[in-house]
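Student: Just dropping this structure here.
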Number of protein chains: 2
Amino acid sequence: MTTDTPAELSPTEALDAARRDFRTRLIDAGLLIPTGLDGLYGRSGEFEAVIEGIDHAIRAAGRAAHGERPRVVRFPPVFPRADFEKTDYIASFPNLTGAISTFDGDNKAHRALLADREAGLPWDGHLASAGTMLVSAACHPTYATLPKTIGPDGELRDVYGYCFRHEPSIDPARMQAFRMHEYVYVGDRAGAEQHRDQWVPRGLQVLSDLGLEADAVPANDPFFGRAGRILAVNQLEENLKTELVVRLYGDLSDGTAVVSANCHRDHFGENFGIASADGDVANSACVGFGMERIALALLTTHGLATSAWPAPVRAAMGL
Amino acid sequence: MTTDTPAELSPTEALDAARRDFRTRLIDAGLLIPTGLDGLYGRSGEFEAVIEGIDHAIRAAGRAAHGERPRVVRFPPVFPRADFEKTDYIASFPNLTGAISTFDGDNKAHRALLADREAGLPWDGHLASAGTMLVSAACHPTYATLPKTIGPDGELRDVYGYCFRHEPSIDPARMQAFRMHEYVYVGDRAGAEQHRDQWVPRGLQVLSDLGLEADAVPANDPFFGRAGRILAVNQLEENLKTELVVRLYGDLSDGTAVVSANCHRDHFGENFGIASADGDVANSACVGFGMERIALALLTTHGLATSAWPAPVRAAMGL
């Protein structure tokens with residue numbers, strides 16, 4: 001494969017070539033292990049050490065901001081469909097979701113499944129919902145586990161886990177399965193806004209400590225379809241989402257969001273039946289660190305040889 | 001909920017009561033966070049520290065056994081369906097699998113999905129395969145990434161990740177989503193047998209260092225259906241699977257498998273097209289440590305207050 005970028009490439013082609021080249025270099029260095037599907041990779045021990053180092057810096061920022069207040073909770077990558085329904089994710093991002101099905105039939109039904117499989121036919125029709133969904137955002141499983149009435153100081157959660165989004169891409173920074181570390185606040189509206197606002201400079205500081213140049217930009221989620229365009233405009237107008245972006249591909253793109261800070265207003269409070277201390281529907285906000293994206297930003301900024309990274313960066317990572 | 005175990009309970013009822021009681025105590029202590037679905041739990045920070053401590057002991061055993069030879073690889077909880085197919089898992093354990101589907105339609109199709117959802121109808125019929133499956137055993141994604149011809153010393157992999165098995169249960173030791181740390185060998189038959197055989201005493205030593213009483217017993221997988229019974233008998237007769245079991249519920253059960261050491265013969269070598277150095281189809285073997293089960297064994301053995309665990313146990317965990 002050639003990694004040249006001839007002058008006659010269109011901007012889109014040049015960006016695609018840069019993404020492909022970066023992915024090839026990551027694979028050749030053994031940091032990512034291809035699985036044959038775009039966006040799904042194994043990770044080397046060295047890559048995992050980078051992830052752990054990034055988390056070291058994030059945890060330090062979390063402690064500086066909140067002390068020991070956030071309750072640490074970790075969820076597996078699947079959660080109940082009943083809770084997924086309450087997120088309304090299927091309305092806004094159907095194309096990114098992952099629903100889980102399994103086989104719950106008898107011997108005869110299993111023989112029918114295997115006969116289709118032998119014949120090279122799809123066998124999904126023999127499966128039924130497992131009652132679970134893949135987690136789309138690390139904080140999603142949290143809301144159902146919160147008290148139904150939040151105390152006056154609000155609830156803080158430290159959540160970290162694997163997320164799934166079905167958006168195959170040659171861009172290594174757009175993975176189908178990736179980790180997100182979040183600090184989530186649930187309480188009143190002022191507290192939620194403050195949480196979001198304060199985590200923007202904190203997030204920028206974490207990235208700066210890691211030697212990354214990042215910008216905070218107003219952003220919107222990639223809501224699906226025509227109706228989604230209205231949601232996106234509203235989100236921008238209400239200034240609900242701020243992304244911290246790093247230019248992984250120089251001037252070829254507007255940058256890659258590696259952290260996002262979000263006000264959810266009363267969306268989760270309403271759907272999960274959570275009240276704030278003053279009796280109103282609870283508001284929530286979160287900051288999410290995209291672990292793989294920050295790792296890739298570090299690798300493209302400081303080089304693929306992690307042992308040769310600048311001393312202050314390695315120190316911030318506890319390496 | 002009462003947790004008494006009156007004398008008139010049948011052995012099955014008594015075991016169920018013990019499992020339910022253990023689960024209630026874990027939840028009351030905040031170590032597990034219920035999600036409303038049997039077998040799916042959030043984990044507290046303290047629980048996660050136990051998992052990390054167990055892994056500390058496992059890594060020490062891995063280093064003592066293999067030095068730096070095993071290549072560390074980490075896979076996300078989903079992997080390509082094409083590779084899942086090669087494991088033949090759908091033939092042997094259809095009831096445990098997790099297939100992933102997503103929405104790949106247009107605006108109109110999405111409106112139809114949402115209309116069904118509004119009407120309270122299932123909306124799975126609007127989804128299509130995402131081309132991925134949940135990982136059933138941590139080693140499964142590894143085989144497709146191995147060289148097609150293995151060198152004379154064999155290949156060693158250190159694999160760790162989340163696994164999914166759809167078997168809802170009130171037993172906290174039977175989770176739908178749990179972590180498994182494996183050492184995998186792929187090479188010739190003698191090497192595979194040696195790997196399996198040597199990891200039985202090593203696994204027992206790890207458990208002993210953690211203050212757990214365990215027994216090594218010949219075992220078989222829970223193959224599905226009538227045909228599966230023959231597979232299970234063969235597995236036992238050929239002595240392919242050894243489980244290390246700990247009595248989580250005293251004499252009420254035969255014990256819970258917390259580690260398993262397995263010879264796969266040429267199953268994966270054949271299906272993934274891997275040859276050993278001598279040109280034969282490669283054999284493989286693995287040892288898998290069930291992280292959540294070992295954590296639960298520790299909690300029932302040493303008590304729910306992890307800071308009060310015996311000093312030698314905490315030392316083995318690097319605590």
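Read-outs: derived from the displayed coordinates by stated rules, not from any lab. It should be emphasised that the depicted structure is a prediction, and the values quoted were computed from it without experimental measurement. Here the Cβ positions follow ideal geometry from the backbone for every residue, glycine too, while neighbour counts run over all protein chains shown.
Student: Using a label point 7 Å beyond Cα on the Cα-Cβ vector, give me the inter-copy distances for B:Pro201 in nanometres, one decimal, shortest first.
Tutor: Those label-point separations list as 6.2 nm.
Student: Calculate the mean, over all residues of peptide B:177-188, of how many other protein chain Cβ atoms lie within 10 angstrom of the residue's Cβ.
Tutor: 1
Student: Suppose a student asked you for the relative contact order of segment B:1-74, using Cα pairs under 8 Å spaced at least 6 residues apart; what percent would you report?
Tutor: Relative contact order of segment B:1-74: 15 percent.
Student: Here's something else I'd like to know. For chain B, what is the Kirkwood hydrodynamic radius in Å, using each pair of distinct C-alpha atoms?
Tutor: Here the Kirkwood hydrodynamic radius works out to 21.2 Å.
Student: Same structure, new question: Where the Cα atoms of segment A:1-108 are projected onto their three principal axes, how long is each span, largest first, in whole Å?
Tutor: Ordered largest first, segment A:1-108 gives principal extents of 56, 51, 31 Å.
Student: Based on Cα positions only, what radius of gyration and what Dmax would you give for segment A:212-293, in angstroms?
Tutor: 15.2, 49
Student: Taking the label point 7 Å from Cα in the Cβ direction, how far apart in nm is A:Ala190 from each other copy of itself, listed shortest first?
Tutor: Copy-to-copy label distances for A:Ala190: 7.7 nm.
Student: Farthest toward the dipole's positive end in chain A, which of A:Ala219, A:Leu31, A:Phe75, given Cβ charges of +1 (Lys, Arg) and -1 (Asp, Glu) about the Cα centre?
Tutor: Comparing the listed Cα positions along the dipole, A:Phe75 ranks first.
Student: Another question about this same structure. Using only the Cα atoms, what convex hull volume per residue in Å³ does segment A:175-266 have?
Tutor: 128
Student: Report, ordered by chain and residue number, the aspartates and glutamates lying within cross-link reach of A:Lys86, taken as a straight Cα distance under 14 Å and ignoring same-chain residues fewer than 8 apart.
Tutor: By straight Cα distance, A:Lys86 reaches A:Asp266, A:Glu270, B:Glu118.
Student: For the protein assembly as shown, taking Cα atoms only, what is the radius of gyration to one decimal and the Dmax to the nearest whole Å?
Tutor: Using the Cα atoms of the protein assembly as shown, the pair Rg, Dmax is 24.6, 84 Å.
Student: Place a point 7 Å from Cα of A:Ala275 in the direction of its Cβ. Which residues in segment A:127-153 have their backbone N less than 17 Å from it?
Tutor: Residues A:146-153 qualify, since their backbone N sits under 17 Å from the label point.
Student: Which distance in nm do the two modelled labels at B:Thr24 and A:Gln194 give, with both placed 7 Å along the Cα-to-Cβ direction?
Tutor: 4.0
Student: Exposed loop sites here are GluC sites (Glu not before Pro) in DSSP loop states with at most 13 other C-beta atoms within 10 Å. What is the longest stretch of chain A lacking them?
Tutor: Counting at most 13 other Cβ atoms within 10 Å as exposed, the longest clean stretch of chain A is A:69-212.
Student: Sort B:Ser129, A:Ser260 so that the residue with the fewest other Cβ atoms within 10 Å of its own Cβ comes first and the one with the most comes last.
Tutor: With the fewest neighbours first, B:Ser129, A:Ser260 line up as B:Ser129, A:Ser260.
Student: Here's another thing I want to ask about it. Using a Gaussian network model on chain A with a 10 Å cutoff between Cα atoms, which of A:Phe103, A:Phe93, A:Phe272 fluctuates the most?
Tutor: Greatest mean-square fluctuation among the candidates belongs to A:Phe103.
Student: For A:Thr301, A:Thr149, A:Thr242, B:Thr87, what ranking results if the residue with the fewest other Cβ atoms within 10 Å of its Cβ goes first?
Tutor: A:Thr149, A:Thr301, A:Thr242, B:Thr87
Student: What does the average come to when, for each residue of peptide B:41-49, you count the partner chain Cβ atoms lying within 10 Å of its Cβ?
Tutor: Counting Cβ atoms of other protein chains within 10 Å of each residue's Cβ and averaging gives 5.
Student: Sequence gap at least 6, Cα distance under 8 Å: using those rules, report the relative contact order of chain A to the nearest whole percent.
Tutor: It rounds to 21 percent for chain A.
Student: Compute a Gaussian network model of chain B, connecting alpha carbons closer than 10 Å, and tell me which residue from B:Phe224, B:Phe84, B:Phe289 fluctuates the most.
Tutor: Comparing B:Phe224, B:Phe84, B:Phe289 in the GNM, the peak value goes to B:Phe224.
Student: Report, in whole Å, the centroid distance computed from the Cα atoms of segment B:150-197 and segment A:68-85.
Tutor: 26
Student: How much FRET efficiency would the formula 1/(1 + (r/R0)^6) give for B:Asp153 and A:Leu114, where r is the Cβ-Cβ distance and R0 is 41 Å, rounded to 0.05?
Tutor: That gives a FRET efficiency of 0.65.
Student: Using unit Cβ charges (K, R positive; D, E negative) and no other charged atoms, how large, in debye to the nearest 20, is the dipole of segment A:250-319 about its Cα centre?
Tutor: The dipole of segment A:250-319 has a size of about 420 debye.
Student: For A:Ala227, place a label point 7 Å from Cα along the Cα-to-Cβ direction in every copy; what are the distances to the other copies, in nm, shortest first?
Tutor: When each copy's label point is compared with this one, the spacings are 4.4 nm.
Student: Summarise the partner chain shielding of B:131-140 as one whole number: the mean count of Cβ atoms from other chains within 10 Å of each residue's Cβ.
Tutor: 3
Student: Next up: Among B:Ala60, B:Ala261, B:Ala216, whose mean-square fluctuation peaks in a Gaussian network model of chain B (Cα, cutoff 10 Å)?
Tutor: Fluctuation is largest for B:Ala60.
Student: Roughly how many debye, to the nearest 20, is the charge dipole of the protein assembly as shown about its Cα centre, given +1 on each Lys and Arg Cβ, -1 on each Asp and Glu Cβ, and no other charges?
Tutor: So the magnitude is around 300 debye.
Student: Quick one: in chain B, whose Cβ comes closest to the B/A rotation axis, and how close in angstrom?
Tutor: B:Pro77, 2
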